1. Could you list all residues from segment 401-415 that are farther than 24 Å from residue 238 by Cα and outside any strand (DSSP E or B)?
2. Which pairs do you get when a residue that is under 16 Å from residue 321 (Cβ atoms), found in segment 334-362, comes within reach of a residue that is part of a helix (DSSP H, G or I) and of a type in the set (Lys, Arg), reach meaning Cβ atoms under 6 angstrom, with the pair 6+ apart or on two chains?
3. Tell me, which helices (runs of 4 or more DSSP H) wholly within segment 443-546 include 2 or more residues that are within 19 Å of residue 603 (Cβ to Cβ), in contact with a His (Cβ under 9 Å, 6 or more places away or on another chain) and in contact (Cβ under 8 Å) with a residue 60 or more places away in the chain?
4. Scanning for something in a helix (DSSP H, G or I) and surrounded by fewer than 17 Cβ atoms within 10 Å (Cβ to Cβ), does segment 52-74 turn up at least one residue?
5. Can you tell me which residue in segment 80-120 is surrounded by the fewest Cβ atoms within 10 Å (Cβ to Cβ), limited to those that are within 19 Å of residue 169 (Cβ to Cβ), in contact with a helix residue (DSSP H, G or I) (Cβ under 9 Å, 6 or more places away or on another chain) and small (Gly, Ala, Ser)?
6. Could you list, in sequence order, the residues of segment 1-17 that are part of a strand (DSSP E or B), under 27 Å from residue 401 (Cα atoms) and either under 26 Å from the mean Cα position of the chain (by Cα) or not charged (D, E, K, R) (or both)?
7. Across segment 18-38, what is the total count of residues that are in a loop (DSSP other than H, G, I, E, B) and either surrounded by 17 or more Cβ atoms within 10 Å (Cβ to Cβ) or in contact with a helix residue (DSSP H, G or I) (Cβ under 6 Å, 6 or more places away or on another chain) (or both)?
Amino acid sequence: MSDPPFKPLGMRGPEIEVETRGDGAIYITSLHPAGEEPASIGHLLKERADQHPDRPFLKERDASGDGWRSVTYDEALAAAEAVAQSLIERGLDRDSAVLILSGNSIDHALLALGCLTAGVPAVPISPSYSLAADKARLLHCAQITRPDMVFAQSSQQFAGGIAALREACPEAEMVTVDGGGGTRGFATLLDSVPTGAVAARRDAIAPHDIAKILFTSGSTGLPKAVPQTHLMLTAVLAGLAGLRTEPTDPDLVPELLEWMPWSHIAAGNINFNGVVQSGGTLYLDEGRPVPGLFDATIRNLREVSPIHFASAPIAFAMLADALERDAALRESFFRNLRYMAYGGATLSNDIYERLQAMAIAETGFRIPLTTMYGSTETQGITMTHWPTERVGLIGLPMPGITLKLVPNGPKLEVRVKGPSVMPGYLGDPTRNASAFDDEGYYRLGDAVKFVDPADPRQGLLFDGRVTEDFKLDSGTWVSVGTLRPEIVAACSPYLQDAVIAGQDKNYIAALLWPSAAALQAFAAGDALDIDALAAELSQRLVMHNAGAGGSSRRIERFAIMTEPLSLSGGEINDKGYVNQSATLASRAEAVADLYRDPPPPAIHLTTGATSGRARAHALSQ
């Protein structure tokens with residue numbers, strides 16, 4: 001019996017042009033032309049407000065926590081124009097900046113839309129930069145952008161960040177929603193009466209003017225400042241429009257529930273602007289895909305039946321668990337669902353199959369699962385825009401985008417050129433000199449491969465970083481080059497080296513090689529007392545994890561390896577450098593054991609207690 005069909009996705013199938021040049025470089029472009037580019041997001045907002053003035057645009061939980069605060073398109077336009085007038089009256093322009101410290105909220109959105117309308121760059125940063133005890137990243141962002149205004153939702157919650165910025169940027173105006181702590185209340189910006197200057201500013205916006213400044217995650221150092229031009233924002237929308245097989249239905253109100261932060265491109269640019277383009281309603285989800293906080297997302301999904309659901313793979317895993325337990329939730333979730341979208345990491349086949357089984361039971365159809373690939377520097381540049389049973393695809397180039405795949409050892413390094421690619425990092429000419437190749441293609445540092453080299457239309461697969469860094473299934477980057485020496489140092493003097501695992505998994509694990517000091521200190525006759533060493537290493541890693549600050553630096557499980565790293569097998573070179581990818585590949589069985597549940601006896605947990613029985617030998621694959 002054949003599988004049920006997919007629900008119609010409403011997008012064109014894969015049609016590409018592929019050119020291979022003499023040096024081995026492969027160039028791929030979409031044969032689908034891009035759609036019409038909006039003049040700007042500010043113009044789009046005005047169009048939607050004129051078209052659907054009373055349609056709900058933004059919703060968030062109200063103060064009671066039971067209802068929804070709602071803002072219509074007309075109300076959002078009025079607020080954005082009032083904010084724009086306030087910014088103009090303060091003398092802010094395309095060379096200014098408004099730094100936004102707090103996360104997603106209606107007030108955050110109205111301020112950002114005011115900036116987009118007035119042509120003033122908005123700078124939403126991760127709230128963790130302000131809330132952390134160490135304000136180094138916050139001050140770094142401020143030093144680069146030199147903000148004229150700083151916004152936070154709460155003067156109390158962000159008091160530390162505001163205080164640090166008052167000292168670093170004494171000329172900047174501090175604005176909060178509550179107006180406490182000597183800050184100006186956000187309502188005063190909304191009190192301004194728009195004049196003709198607002199429309200003039202909106203119409204004066206040029207495609208290459210900076211609309212926003214976003215910062216990279218900074219997993220390998222201080223965050224990099226990436227200017228987002230108005231063209232970059234609208235080019236993605238034009239690419240998506242070029243893939244649609246039918247025009248947008250003006251009477252359809254797409255609903256989206258969003259938890260992902262607006263300090264990143266997926267939520268802050270592609271999803272948010274896509275809602276404006278489609279005239280949809282965006283529900284702000286206070287939940288997060290972590291235990292205890294995901295309950296809020298589930299509660300919201302009982303009230304919101306989205307047309308599409310987009311998130312990182314970690315949320316889909318938790319969603320599948322919840323859906324399987326709750327028939328009413330399944331009915332609500334699948335009622336209007338047309339497709340699901342993920343990005344940032346690869347979704348597992350198990351999660352995909354569980355979701356499809358429930359979709360079939362509820363609707364009689366399978367639900368198309370799309371994904372988009374890109375970076376802060378490029379926006380979304382590839383997409384899986386056709387129904388497929390294969391998980392892990394990054395798709396093919398968006399309309400208007402050219403990919404350049406360059407042989408790099410055994411892999412194909414991906415580079416990109418197109419209207420959604422940044423002009424260069426802000427204030428960093430040294431990095432810009434190496435960020436682009438001699439043809440002007442941006443180097444993403446990732447590798448890709450064809451599903452079938454003989455049939456490129458089947459799409460591309462992510463093939464890891466050209467460097468060693470990887471992402472967890474939450475989309476969080478793990479800096480292997482930083483973490484490995486930290487682990488060895490934390491366990492000193494008992495480790496010779498470590499190899500880090502966890503790509504597309506929900507936690508980091510490690511293969512650990514004991515040092516000569518460990519062999520001496522934990523000797524058991526002629527052998528090694530593995531359990532005694534494991535207990536010591538576990539305690540050391542518990543201490544390391546306590547100060548790690550996030551999932552990108554915490555080790556949850558480890559295995560102690562007794563077979564030395566192989567020079568002939570390419571695991572280590574003659575200079576003593578451990579080849580991370582080669583070692584993970586050659587010891588694939590050991591790596592798989594790190595993620596089995598329950599863990600095998602040779603796998604140890606960083607809880608102060610080892611798993612397994614006492615023994616005098618270790619995993620030696």
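Bear in mind that the values in this text are calculations on the coordinates, not laboratory data. Here the structure is a predicted model, which is why all the values come from computation and not from measurement. Note: ideal-geometry Cβ built from the backbone for every residue, glycine included; neighbour counts use all protein chains shown.
1. If the condition is that a residue be farther than 24 Å from residue 238 by Cα and outside any strand (DSSP E or B), then 409, 410 are the ones that fit.
2. 358/330
3. Numbers: elements: 480-490, 516-521, 530-546.
Fully inside segment 443-546 and qualifying: 530-546.
4. Checking segment 52-74: at least one residue is in a helix (DSSP H, G or I) and surrounded by fewer than 17 Cβ atoms within 10 Å (Cβ to Cβ).
5. 96
6. Of everything in segment 1-17, those that are part of a strand (DSSP E or B), under 27 Å from residue 401 (Cα atoms) and either under 26 Å from the mean Cα position of the chain (by Cα) or not charged (D, E, K, R) (or both) turn out to be 11, 16.
7. 7
Quick grid of which residues meet (1) buried (at least 20 other Cβ atoms within 10 Å of the Cβ); (2) under 29 Å from residue 471 (Cα atoms); (3) more than 28 Å from the chain's Cα centre (by Cα):
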position: 203; (1), (2), (3): no, no, yes
position: 212; (1), (2), (3): yes, yes, no
position: 217; (1), (2), (3): no, yes, no
position: 235; (1), (2), (3): yes, yes, no
position: 240; (1), (2), (3): yes, yes, no
